[in-house]
Amino acid sequence: MQITVNLPSRAEWALILAFAALALAGAVLGMYALRDLNALDSFTSRDTARGWLAMSGAMGACLSAMAMRDRFGRVGRGSLWHAAVAGVITTMLVGIVAGTLVLPIFGTMFGPWLVLIALLNMPVLAVPWMFALWGYDTARRSYTAERESLDAWGRRTHA
């Protein structure tokens, strides 16, 4: 009995790295944006609260990117427009998801607003966030091209 291990392809590695960059940028953005929700008082330790803020920002970024994955990675006319709209929606979704995880009712309502205020107050935060979104768009484009080429190859051999 031989065990076969399928390693990720280049496009899959690019997606993994893009999600890691999104998680890191989302954690930093979440730590800065959601620190004013007064949810830190409910934790017994400040380190636990900071960890939860970072984790909720990272999860919010990755889940938001997954929710908008059909808009990212397009090729051709309008691809930049689709990526820009997806980036704005993803940024607002990060606030919704992370805000909900930090403070379920008020975080859901005020999370997107806090993310917007954080990006306006500290534009330096927008730089890694935009690069992470650009990396995800690029990785998604190569992943889509790879899947389409494999699908076309499969149709040629099995037809």
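With (1) at pLDDT 90 or above; (2) surrounded by fewer than 20 Cβ atoms within 10 Å (Cβ to Cβ) as the list, and GLY57 as the residue in question, which single condition is left unmet?
Of (1) at pLDDT 90 or above; (2) surrounded by fewer than 20 Cβ atoms within 10 Å (Cβ to Cβ), only one is false for GLY57: (2).
What number of residues within the range 19-35 satisfy the criterion of being open to solvent by less than 10 Å² (accessible area, probe 1.4 Å) and either over 16 Å from ASN121 (Cα atoms) or of a type in the set (Asp, Glu) (or both)?
The number of residues fulfilling the criteria is 2.
The rows are residues; the columns are (1) of a type in the set (A, V, I, L, M); (2) at pLDDT 95 or above.
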position	(1), (2)
ALA18	yes, yes
GLY30	no, no
VAL75	yes, no
ALA84	yes, no
ILE96	yes, no
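Name the pairs whose Cβ atoms lie under 7 Å apart, with the first residue in the range 79-93 and of a type in the set (Gly, Ala, Ser), the second buried (at least 21 other Cβ atoms within 10 Å of the Cβ) and in a helix (DSSP H, G or I), and 6 or more positions between them or separate chains?
ALA83/ASP137; GLY87/LEU133
Which of the residues spanning the range 115-159 are open to solvent by 80 Å² or more (accessible area, probe 1.4 Å), aromatic (Phe, Trp, Tyr) and modelled with pLDDT of 90 or more?
Matches in the range 115-159: PHE131, TRP134.
Condition check: open to solvent by less than 30 Å² (accessible area, probe 1.4 Å) and on the phi > 0 side of the Ramachandran plot. Does GLY73 satisfy that?
Spelling it out, GLY73 is indeed open to solvent by less than 30 Å² (accessible area, probe 1.4 Å) and on the phi > 0 side of the Ramachandran plot.
Could you list all residues from the range 98-133 that are free of Cβ contacts under 8 Å to residues at least 12 places away in the same chain and either assigned to a helix (DSSP H, G or I) or of a type in the set (A, V, I, L, M, F, W, C) (or both)?
Residues satisfying the conditions are THR100, ILE105, MET109, LEU120, ASN121, PRO123, VAL124, ALA126, VAL127.
The values are calculated or read from the model by the stated rules, or taken from the named source; none is laboratory data. Predicted model only: the values in this text are computed from it and were never measured. All Cβ positions, even for glycine, are placed from backbone atoms using ideal geometry, and neighbour counts span all protein chains on display. What goes into the accessible areas is simple: the full protein's heavy atoms, side chains included, and nothing from ligands, DNA or RNA. Shrake-Rupley method; radii C 1.70, N 1.55, O 1.52, S 1.80 Å.
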